[in-house]
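Step one of this worksheet: look at the structure below.
Laboratory data are not the source of any read-out in this text; all were calculated from the coordinates shown. Computed from a predicted model, the values in this text were never measured in an experiment. Heads up, the Cβs are rebuilt from the backbone with ideal geometry, glycines too, and the neighbour counts pull from every protein chain shown.
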Amino acid sequence: MATRSRSKLVWRAAVLLVGVLGCERIPAEPTLDFRVVSLRDGSAAGAPYFFFLPPVGNSVHSSGVFDPAARPEVFICEISGSACGIEVAHMTMSPASGDEMIVLDISNERYLVNWHSWRIPNYSPSKTRAYRIRVYTEGNLLGYADVWVGPSLPTIPIKFRLDEHAPPPPPAVDFTTEMVVALFLGERPTGGYEIEVTQVERTDRGLAVRFRVKKPDAGAMLMQVLTQPFHLIELPRVDESLTFIAENPSR
């Protein structure tokens, strides 16, 4: 009788062990230690042909034609106030980006790149954990996602879709009553350069157009593309001479 009871106990223990081992074989769904705070893409005030995909964005069913010929770039910065602060990552489709190279996934009609957030320079728990993921093509910002990254500093898959699109039409200007003032900085070797009209005032010599040129900070992480910064403004038409006055740069 004791032998039969012992056999039942052994059998039940074996069943329980198999059940436990069976449960261990089922992989747990991975949890990424980050959350999206704000999103701007084709679904929310971004370029209408650009969409973040999960886990950063939402699932989309685009009616457009996927563009496999785009050359997107991804920049990630710390958020300082409501704007970008220090740049912490830059991804391109060049092999120079290493294991953070943007990859074209033609079968799923998307681009993707893994951001290893644990590579954030000089990270410490006392620093901000809010970052802005921005996507550009040809120097144009398409959209961004503001994310909070947890202390585990996960690798975050960034996936997005780009559709073919026509350039926007030029703004309408009635040159009988209006005029356009244009300032061009010329070709520059990287991003980070800007030219901006700051003020237009009437003087005894005509109109004075004040402008400011901004150059990138030394050591800043920049888009490695040729850029041609410019600024156009529309003014009421006047038949007077124009004088351009450069102000001291902001930096």
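Could you sort the peptides 96-105, 59-68 by per-residue average Cβ neighbour count (10 Å cutoff), highest mean leading? Present the calculation step by step, with values, prior to reporting the outcome.
Details: 96-105: 13.6, 59-68: 12.1.
So the order, starting with the most tightly packed, is 96-105, 59-68.
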Problem set entry | Burial order of peptide ranges 187-195, 200-208, 42-50, 141-149 (average beta-carbon count within 10 Å, highest first) | 141-149, 42-50, 187-195, 200-208
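Ranking request for peptides 177-183, 75-81, 131-137, 109-115: highest mean number of other beta-carbon atoms within 10 Å first, then the rest in descending order.
Working: 177-183: 12.9, 75-81: 17.4, 131-137: 21.7, 109-115: 19.7.
The most tightly packed comes first, giving 131-137, 109-115, 75-81, 177-183.
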Exercise. Which part of segment 128-142 falls in the paramagnetic zone of PHE230, meaning amide N under 17 Å from the point 7 Å along Cα-to-beta-carbon?
Worked result: 138-141
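Contour minus end-to-end for VAL180 and CYS84, with contour as 0.36 nm per residue of separation and end-to-end as the Cα-Cα distance?
The span from VAL180 to CYS84 would gain 31.5 nm if fully extended.
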Exercise. Once you list every other residue whose beta carbon is under 9 Å from the beta carbon of VAL65, what net charge do they have if Lys and Arg are +1 and Asp and Glu are -1?
Worked result: -3
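Could you compute the FRET efficiency for SER241 and ASP146, with r as their C-beta to C-beta distance and R0 at 35 Å, rounded to 0.05? Kindly include the intermediate steps, with their values, before the conclusion.
Numbers: r = 46 Å, r/R0 = 1.32.
The computed FRET efficiency comes out at 0.15.
Using the C-alpha gyration tensor of segment 87-226, what are the square roots of 5 times its eigenvalues, in whole angstrom, with the largest one first?
Working: eigenvalues 287, 94, 41 Å².
One finds semi-axes of 38, 22, 14 Å for segment 87-226.
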